[in-house]
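Participant: Pasting a structure below so you can have a look.
Here, each number is a calculation from the coordinates, and none is a lab measurement. For clarity, every value in this text was computed on a predicted model and none was experimentally measured. Note that each Cβ is placed from the backbone with ideal geometry, even for glycine, and that neighbours are counted across all protein chains shown.
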Amino acid sequence: MKRENLLLLINFSIMVLIGIAFAFVYQANVMSDPEDQLFNQKVELVDEVKLASLPQMSGSSSSFAMVDMKWNAVDKDDEKVGTVYHAVIKNSFSLTGSGVDYGFIELLIGFSEDDKVYVQYLTVYQSSWAVVGIQKYIQDYYDGEDILNSQGIPSFDADIVAGATQNPATVSTDAIKEIVMEALILEYPELEEINPYEELFGIENYQFEDDATFTETTHITDKRLVTDGTDQIGYVYSVTGTGEYQEGESDSILIEIVFGSDDTILGFVLPDETYNHSGGSFRSKNEQYLENYVGLLISEIQAEVDAQNSTDVTSGASNTRALIDELLEAFVSEVN
């Protein structure tokens, strides 16, 4: 073999070996999987834990948001990078051409070892005009946000092309924020919000007792007395009803009206498990609306409802606001 050909063969062999080595290095480090993109580095998900079973989904099934899986994320040296949760949001905002007749958002939610939150979307089947806005919301707000700041992430209108919807399109992004907060509490239970009754009554050792004299009515389902172990310090009525919260969607809410020992309203509690209307900013606006009734006697509630009817303090949440007004009026007429 001529010397020139031998050198060419050697050089070619070297290039092939370099190419193979590069391919191995690239394959080992390329961030091709969603969990890699979550932390911006190559990771492996280990120690899988099933937290819940997802309900069967169909066009007629109820909407839900659920965190169902958990893993630890480790790097190539088997060092823990963070914790990853899998979450699913099901609603009625179907994406044309997706092949399913319901809305569906699938997420990975990651918490790093330095207490930052990251979100990577896997599937976003929502109304077509909102998909890009939802993706932008995730990318802009959940890319290394400190966990202590995540509660303050603002509501976001996914209708980034103005005019696609009449009202701000915040339902899907609010649902994402809520499910991220749910995962946050699973990972950092010490950050769970204070018990609302402790905050309203100012003590930790309160006790509930059923009021034996109470008679259930159409909307008032329960009355509990509140004591400090010795003396009565207040009482709580549970009021419930059903109404529309978005076009074509109706469901129930339950309002707990909390009174002090002087018979004035201390505040309201809207338990998560019985609040079946839109959450996020819509719910926050309605909670803010209820603050107008704090300090009132039962006899003063109707006048405040009438006064508030001339204002629109909860634009975008008016359907639930209307139901709240109905329940307050029903409470006044039915209370015994």
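Participant: Whose amide H sits under 5 Å from the amide H of M69, counting only residues 5 or more places off or on another chain, with H placed in the peptide plane?
Facilitator: Amide H neighbours of M69: L51, H86.
Participant: So for the stretch 34-191, what percent of the C-alpha to C-alpha distances run longer than 24 Å?
Facilitator: Percentage above 24 Å: 34.
Participant: What ranking do 214-223, 234-243 get when scored by the average of other Cβ atoms within 10 Å per residue, highest first?
Facilitator: Taking the mean over residues of other Cβ atoms within 10 Å, the ranking is 234-243, 214-223.
Participant: On to the next question. What is the calculated FRET efficiency for E79 to S128, with r their C-beta to C-beta distance and R₀ = 35 Å, to the nearest 0.05?
Facilitator: According to the calculation, E is roughly 0.25.
Participant: OK, next. Placing +1 at every Lys and Arg Cβ and -1 at every Asp and Glu Cβ, with all other atoms neutral, what dipole size does the stretch 34-191 have around its Cα centre, in debye to the nearest 20?
Facilitator: 680 debye
Participant: While we're looking at this one, here's another question. What's the exposure ranking of K80, K177, K42, K50, going from fewest to most Cβ atoms within 10 Å?
Facilitator: Final ranking by Cβ density, sparse to dense: K50, K80, K42, K177.
Participant: On to the next question. Sequence-distant or interchain residues sharing an amide H contact under 5 Å with S92, placed H: which?
Facilitator: When sequence neighbours closer than 5 places are left aside, the close amide H contacts are G103.
Participant: Work from the charge dipole of the stretch 257-308 (Cβ charges, +1 for Lys and Arg, -1 for Asp and Glu, about the Cα centre) and give the residue of H277, G267, A303 farthest towards its positive end.
Facilitator: H277
Participant: Do you know the relative contact order of the stretch 196-334, to the nearest whole percent, from alpha carbon pairs under 8 angstrom that are 6+ apart?
Facilitator: That works out to 20 percent.
Participant: For the peptides 179-187, 69-77, what is the packing order when you average, over each peptide's residues, the other Cβ atoms within 10 Å and list the highest mean first?
Facilitator: Top of the packing list down: 179-187, 69-77.
Participant: Here's a follow-up. Please enumerate, by chain and number, the lysines with C-alpha under 21 Å from the C-alpha of K70, excluding those fewer than 8 residues away in the same chain.
Facilitator: The qualifying lysines are K42, K50, K80, K90, K116, K177.
Participant: What does the stretch 196-334 give for Rg and for Dmax, in Å, if only its C-alpha atoms count?
Facilitator: Every Cα atom of the stretch 196-334 included, Rg and Dmax give 15.0, 49 Å.
Participant: Find the relative contact order for the stretch 50-111 and round it to a whole percent, using C-alpha pairs within less than 8 Å whose residues are 6+ positions apart.
Facilitator: That works out to 30 percent.
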